[in-house]
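Please read the structure below before turning to the comments.
What follows draws every value from the coordinates through simple rules; no lab data is involved. Note that the structure is predicted; figures quoted are calculated from it, not measured. Heads up, the Cβs are rebuilt from the backbone with ideal geometry, glycines too, and the neighbour counts pull from every protein chain shown.
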Amino acid sequence: MSSRIEQLIDELEEYIDSCKPKFMSNSEIIVNKDEIDELLRELRMKTPDEIKRYQKIISNKEAILNDAKAKAEALINEATIQTNELISEHQIMQQAYEQANIVVAQAAKQAQDILDKATMEANELRMQAAQYTEDRLAELESIILSALQSSNANYSSLIGSLNQYKELIQSNRQALQPTEDDLETLALADEGSGSGLDVIQ
């Protein structure tokens with residue numbers, strides 16, 4: 001999509017550069033409204049803000065999860081360091097172990113909460129983006145269906161007209177061709193006119 005947008009911008013710049021300047025003006029030009037409207041219309045179609053925003057969010061999903069994992073690992077590492085420091089001090093070993101376990105459990109819970117929240121937010125944004133895309137595709141499908149129905153109606157009307165012309169042509173051709181009864185009538189007429197002629201000796 002980006003490459004097409006850049007191409008459209010280049011086309012707009014080229015078109016503006018190619019326009020003739022307005023009479024007696026250095027800053028105003030004369031443009032063809034239909035041409036520039038068409039370029040702007042296609043540019044708007046290619047750059048809806050919602051699609052750009054959702055695509056950016058979807059592309060950042062992995063970055064969100066990786067950042068959450070990094071924070072979780074940092075919390076666990078910090079808890080482990082604190083645990084090792086407590087143990088290394090040789091002060092009330094049992095208390096040190098209990099405190100260390102509490103710190104590790106809290107860190108693990110915080111890490112899991114961060115991961116769960118990040119995953120839920122990423123999934124929600126993905127569903128919103130998918131729904132938006134589905135809505136746009138449904139609109140496009142409706143437009144195409146309407147165009148097809150209109151084309152089918154025009155095609156049926158054309159076929160009906162052609163069939164009428166075909167029947168008319170066939171009727172005219174049959175009218176130009178004599179039937180067997182007509183041929184027999186003509187033959188009898190020829191014989192009757194021949195029997196009335198006098199033979200000259």
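Quick rundown of the values:
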| item | result |
| --- | --- |
| Three-way shape call for segment 48-141 based on the alpha-carbon gyration tensor, with the a/c threshold at 1.5 | prolate |
| Nearest-20 debye value, segment 78-147 charge dipole, Cβ charges on Lys, Arg, Asp, Glu | 60 debye |
| Segment 1-47: relative contact order as a whole-number percent, Cα under 8 Å and 6+ apart | 44 percent |
| Farthest positive-ward along segment 89-145 dipole, Cα basis, beta-carbon charges - from 132, 120, 96 | 96 |
| Inter-label distance for residue 150 and residue 97, nm, one decimal - labels placed 7 Å from Cα along Cα-to-Cβ | 8.1 nm |
| Neighbour net charge for residue 40 - beta-carbon separation under 12 angstrom, K R +1, D E -1 | -2 |
| Computed label-point distance, nm, for sites residue 31 and residue 141 using a 7 Å Cα→Cβ extension | 3.7 nm |
